[in-house]
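The values are calculated or read from the model by the stated rules, or taken from the named source; none is laboratory data. Worth saying up front: this structure is predicted, and the values here are computed from it rather than measured. Counting neighbours? That spans all protein chains shown, and the Cβs are built from the backbone with ideal geometry, glycine included.
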Amino acid sequence: MDHQQPEKESITAFFPAYNDWGTIASMVVLTSRVLAQLTDDFEVIVVNDASPDHLQDILEELSRRYPRFRYITHQENRGYGGALKSGFAAATKKWVFYTDGDAQYDVRELNLLWEKRYGVDVVNGYKMQRSDPWYRVVVGRFYHHFVRNLFRIPVRDVDCDFRLIRRDVFDRVQLTEDSGLICVEMMAKIALARCRIAQVPVHHYHRMHGKSQFFNIRRVLRVFINMSGLWWRLFIKREPIGPGPAAGAKPSGSG
């Protein structure tokens, strides 16, 4: 009798990076050590979103030293969403973990997400306490509650970019946004696809290097304008959330 072999656990970790030359090397080194403790089948990827600093030089050096590391370089800036889409498309392993390249999260806490992966499709971190200037904390709290209710997203922290996702989730969910709104799009579509979600508390630290590219008035206004369009497409037009028909939708003609 043939016995089916259990599916081998494997993981891709990737980081979108822009103006993160001061932190990216330590992120890659530390993540490689963390992943080696979880499985012997892993890869680490950095997406250089046309960063104007020394990031490319550092990535080239890292690729010479770490055989399981590779990088993607955008010749033109594609935005945060564009960087995430490149990372997800490049991932080859069963699980995909991503966080930002600015080291505001401790990649050693990936262990906490890894332990919660059984029986779920997504393990979503949530910040125990946000380590940002007070005005970002206030606006971030309002933004989170607003989008969670507007898009019916069943997670405590929509904008916590510390996530572990089964790669086959993206057989059901297709991402289109190029801005920071991609996090709302991703979690809204994951919820509409009825994916199973676990949540884990994680620490959040002050940004050690560089400057956030998301929080400025013009960009925030643009996000809210684009958000209204995303909501209209998902909940009024009911556009497909993936390459095929929306998961969980009733077949045509069903009662």
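Give the number of residues within the stretch 65-109 that are in a loop (DSSP other than H, G, I, E, B) and either farther than 24 Å from residue 123 by Cβ or not basic (Lys, Arg) (or both).
16
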Residue pairs meeting the criteria (Cβ under 7 Å; at least 6 apart or on separate chains; first farther than 15 Å from residue 83 by Cα, in the stretch 50-61; second among the aliphatic types (A, V, I, L, M) and in a helix (DSSP H, G or I))
58/24; 58/25
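Residues checked against (1) touching a Lys or Arg at 6+ places or on another chain (Cβ under 8 Å); (2) assigned to a strand (DSSP E or B); (3) at positive phi:
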site	(1), (2), (3)
9	yes, no, no
15	no, yes, no
21	no, no, no
30	yes, no, no
52	no, no, no
62	no, no, no
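Would you say residue 178 is closer than 23 Å to residue 77 by Cβ, in contact (Cβ under 8 Å) with a residue 40 or more places away in the chain and more than 11 Å from the chain's Cα centre (by Cα)?
Answer is yes for this residue.
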Spot the failing condition for residue 73; the list is (1) touching a Leu at 6+ places or on another chain (Cβ under 9 Å); (2) at pLDDT below 95, and only one is missed.
(2)
Could you tell me whether the stretch 39-50 includes any residue that is surrounded by fewer than 22 Cβ atoms within 10 Å (Cβ to Cβ), closer than 16 Å to residue 100 by Cα and either in contact with a Leu (Cβ under 6 Å, 6 or more places away or on another chain) or not charged (D, E, K, R) (or both)?
yes
Residues of the stretch 192-227 being among the hydrophobic types (A, V, I, L, M, F, W, C) and at pLDDT 80 or above, which ones?
192, 193, 195, 197, 198, 200, 202, 224, 225, 227
Just to be sure, is residue 17 touching a strand residue (DSSP E or B) at 6+ places or on another chain (Cβ under 6 Å), under 17 Å from residue 110 (Cβ atoms), crowded, with 20+ Cβ neighbours inside 10 Å and among the aliphatic types (A, V, I, L, M)?
no
When both residues are 6+ apart or on different chains and their Cβ atoms are under 6 Å apart, which pairs have a first residue that lies in the stretch 99-120 and is buried (at least 22 other Cβ atoms within 10 Å of the Cβ), and a second that is among the small types (Gly, Ala, Ser) and not in a helix (DSSP H, G or I)?
101/17; 102/210
Of all the residues that make up the stretch 168-191, how many are of a type in the set (Asp, Glu) and either within 13 Å of residue 155 (Cβ to Cβ) or crowded, with 22+ Cβ neighbours inside 10 Å (or both)?
2
